[in-house]
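A quick write-up on the structure given underneath.
The values are calculated or read from the model by the stated rules, or taken from the named source; none is laboratory data. Bear in mind that the values here come from a model prediction, so they are computed numbers and not experimental data. All Cβ positions, even for glycine, are placed from backbone atoms using ideal geometry, and neighbour counts span all protein chains on display.
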Amino acid sequence: MGPDVRPGQQLEPRTYRVTRADLVRYAGASGDFNPIHWSDRVATGVGLPGVIAHGMYTMALGSRAVASWVGDPGAFVEYGVRFTRPVVVPDDDAGAEVVVAGAVRSIEDGLAQIDLTVTAEGEKVLAQARATVRLPAAPA
């Protein structure tokens, strides 16, 4: 995202595949070994449709897309979401698909506010997903 970024600009959607193996790796990295993230029996036993991705993992996919658009993961000033729907991850090689789209809401004082739309199976999984990033300075 260069100096020509403008309010209302749509950012190219990013698609991420999430498999059970990803959930195992995330559990190890985060320390969140809740069985709803690896056991269909436990997940369905508590009323979920199956094993679900960690909410923070889904949130991280949003920030990954923003970092790709901006070109600098260190550009983040603020990032927040509301979790609205779980990402169900089937026990197969395909897993689930999470799509992150974005639009530049505003630009002020070198900061861009980006509204994200994060979906799985066509349903929004994050709401009020917004990132504020510092834009790179225009070349002199």
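Of note:
- Only residues that are farther than 24 Å from Gly95 by Cβ and among the basic types (Lys, Arg) were counted across region 1-20, and they come to 1.
- With respect to being of a type in the set (A, V, I, L, M, F, W, C), within 13 Å of the chain's Cα centre (by Cα) and farther than 18 Å from Arg17 by Cα, Val100 falls outside the description.
- Restricting region 79-133 to residues that are small (Gly, Ala, Ser) and crowded, with 21+ Cβ neighbours inside 10 Å, the residue that is nearest to Ala67 (Cα to Cα) is Ala131.
- Here Arg17 fulfils each of the conditions (1) within 14 Å of the chain's Cα centre (by Cα); (2) part of a strand (DSSP E or B); (3) closer than 30 Å to Ser106 by Cβ apart from (3).
- Just one residue in the set Val51, Val70, Val66 is β-branched (Val, Ile, Thr) and in contact with a Gly (Cβ under 8 Å, 6 or more places away or on another chain); that residue is Val66.
- Filter result (surrounded by fewer than 17 Cβ atoms within 10 Å (Cβ to Cβ), at pLDDT below 95 and not small (Gly, Ala, Ser)) within region 38-77: Asp72, Pro73
- Residues that are among the hydroxyl-bearing types (Ser, Thr, Tyr) and either within 15 Å of Met59 (Cα to Cα) or free of Cβ contacts under 8 Å to residues at least 24 places away in the same chain (or both), drawn from region 5-33: Thr15, Tyr16, Tyr26, Ser30
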